[in-house]
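Working notes for the structure below.
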Amino acid sequence: MNLANCARCGKVFMKVRSPICPDCQREEEELAQKVIEYIKENPEASVAEVATKLEVDVEFIQELIREGRLIKVKPAWKAHCRQCGAPISSGDLCSECRSKLAAELSKAKSPKTQEKSENDSGKTSMKIYLYDRVKRND
Ligand SMILES: [Zn+2]
Ligand SMILES: [Zn+2]
């Protein structure tokens, strides 16, 4: 048993994965469909306009964008990278920040010992042979 308060309506429910109760999940699903339908009918509408017309939070629409659910109806709408704010098609992070994060994580796991390889190959030891002039004693 894992009881939790719904993040949306506050009702106590059996939490499985979603932070919101099944009623709210159904409602949000209906809202998502409404948003998709509205965009299909009004392809020029802005995020703010859709939010106002349908009385939903802008954040809700942003969430749909992040989940990649509006890509088909509105590919121009981009989610924004949590880290740097760059426009992305879906998810939380842009590919750059994702790879940076992955690199940091792997670094944290196995700290690389940076071995300074001394580069000797560049050094060309010039040997200058000095020939002593042999003074010829004539
Ligand atoms: Zn709820
Ligand atoms: Zn980024």
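The values are calculated or read from the model by the stated rules, or taken from the named source; none is laboratory data. Worth saying up front: this structure is predicted, and the values here are computed from it rather than measured. For neighbour counting, all protein chains shown are included, and Cβ atoms are generated from backbone atoms with ideal geometry for every residue, glycine included.
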**Q.** Residue that is nearest to residue 47 (Cα to Cα) [pool: residues in the stretch 92-103 that are surrounded by fewer than 15 Cβ atoms within 10 Å (Cβ to Cβ) and within 13 Å of ligand 2 (Cβ to nearest atom)]
**A.** 92
Q. From the residues in the stretch 89-121 that are basic (Lys, Arg) and modelled with pLDDT under 90, which one is farthest from residue 75 (Cα to Cα)?
A. 116
**Q.** Matching residues, the stretch 30-56, being in contact (Cβ under 8 Å) with a residue 12 or more places away in the chain and loosely packed, with under 11 Cβ neighbours inside 10 Å
**A.** 43
Q. Is it the case that residue 59 is among the acidic types (Asp, Glu) and surrounded by 12 or more Cβ atoms within 10 Å (Cβ to Cβ)?
A. no
Q) Which ones in the stretch 58-90 are of a type in the set (Lys, Arg) and under 23 Å from residue 30 (Cα atoms)? A) 66, 69, 72, 74, 78
Q: Tell me which residues, restricted to the stretch 57-82, are in contact (Cβ under 8 Å) with a residue 12 or more places away in the chain and either within 16 Å of ligand 1 (Cβ to nearest atom) or of a type in the set (Phe, Trp, Tyr) (or both).
A: 60, 77
Q: Go through the residues of the stretch 65-76 one by one and say whether even a single one is within 16 Å of ligand 2 (Cβ to nearest atom) and not charged (D, E, K, R).
A: yes
Q: Please go through the stretch 8-29 and pick out each residue that is surrounded by 13 or more Cβ atoms within 10 Å (Cβ to Cβ) and either touching a residue at least 40 places away in the same chain (Cβ under 8 Å) or more than 10 Å from ligand 1 (Cβ to nearest atom) (or both).
A: 15
**Q.** Flag for residue 85 being free of Cβ contacts under 8 Å to residues at least 24 places away in the same chain, on the phi > 0 side of the Ramachandran plot, surrounded by fewer than 14 Cβ atoms within 10 Å (Cβ to Cβ) and more than 16 Å from ligand 2 (Cβ to nearest atom)
**A.** no
Q) Just wondering, is there one or more residues in the stretch 30-38 that are among the polar types (S, T, N, Q) and either more than 26 Å from the chain's Cα centre (by Cα) or within 16 Å of ligand 1 (Cβ to nearest atom) (or both)? A) no
